[in-house]
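Worksheet: one structure, shown below.
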Amino acid sequence: MKVDILASGSSGNCIAITSGEQIILVDAGIARTKIEKRLLAAGIRPDHISAICITHAHKDHVCGLPLANKFRIPVYATHGEWHKISGVDEDLRRTAETLYGKYEMVELGGMHVYPFKVHHDALEPVGYAVEDDGGGRCCIVLDTGHVDQEIIDMMEGQIIIIEANHDPDLVPLCSRPESVKARILSDIGHLSNEQTAAALQQVIRGRGEQIYLTHLSGENNSQQLAEMTVKAALRQRGYEAGKHYEIEVV
């Protein structure tokens, strides 16, 4: 399984996951033309994408969805999020279904996609765990205000892509309106570096896991601060970057 993070942050999010001949995108939050160029730069043909899986309908996750119409790519989202997504041809719309309170697995060739609930100020946001027939597993946790046990359970695996949005001490000092600051810090806002580090403490086993820290705030965080916080937390568990796991901030 191969991961290419094509965009990350409040300006847009888009992740390509490749396994064999199967390719899916998680979110399409930058302009269609930019997605096409970044896919090609990563050696991925846009017309080979099997599906686009949307976490939620905020602009920085869906504004590039005209890509789906151009290349006839099915788009998966929850029932709630489809209320806020426009511009996708009707025959390409797919809804993540629930059974007994859990989302059903979506099979895409050799990939098995498991949506799961996250906590954000959207109608029905989700994260995704993706498994392939070769034993690869990737979990994507983007916008969520807190991490619960279900999310922890889904984060088990070799590749973990998770937001580390802000340092809580920096948010009160930023120039944003007080209402925005309160939203960021709320249980349906975004994960702080400390929250992300605490979640990773519970799932990293020192088996060479690959961690990607994403969706950093340009005003309330820095790559160095996010990476340092996570490394310090995992060191408390006896794990060192480069020896027990790999980490990249994007």
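Numerical summary
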quantity	calculated
Table column - 3J(HN,Hα) (Hz), the range 126-140, Karplus curve with 6.51, -1.76, 1.60, x for Gly and Pro	9, x, 9, 10, 10, 10, 10, 5, x, x, x, 8, 10, 10, 10
Per residue solvent-accessible surface (Å²) - the chain, probe of 1.4 Å	44 Å²
Estimated [θ] at 222 nm from DSSP helical runs (n ≥ 4, -39500 (n - 2.57)) normalised by residues in the chain, nearest 500	-7000 deg cm²/dmol
Extension gain from E107 to E178, taking 0.36 nm per residue of separation minus the Cα-Cα distance	21.3 nm
Across K181/K231; K34/K102; K70/K231; K2/K231; K2/K59, pairs whose alpha-carbon gap is larger than 32 Å	K34/K102; K70/K231
Charge tally in the Cβ shell below 12 Å around R45, where Lys, Arg are +1 and Asp, Glu are -1, R45 excluded	-3
Carbon/sulfur fraction of accessible area - the range 163-209, other protein chains in place, 1.4 Å, %	53 percent
Low-density loop positions, trypsin sites (Lys or Arg not before Pro), the range 184-250 - DSSP coil, at most 12 other Cβ in 10 Å	R205, R207, K243
Stokes-Einstein D for the range 187-250, Kirkwood Rh over Cα pairs, 10 °C, 1.306 mPa s (µm²/s)	133 µm²/s
Highest-MSF residue in the chain out of M105, M155, M228 [GNM, Cα springs under 10 Å]	M228
Share of carbon and sulfur in the accessible heavy-atom surface of the range 52-128 [1.4 Å probe, %]	50 percent
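The values are calculated or read from the model by the stated rules, or taken from the named source; none is laboratory data. Since we're looking at a predicted model, the values are computed, not measured. So basically every Cβ, Gly included, is an ideal-geometry build from the backbone, and we count neighbours across all protein chains shown. Note: accessible area is taken over every heavy atom of the protein model, side chains too, but ligands, DNA and RNA are not part of it. Shrake-Rupley method; radii C 1.70, N 1.55, O 1.52, S 1.80 Å.
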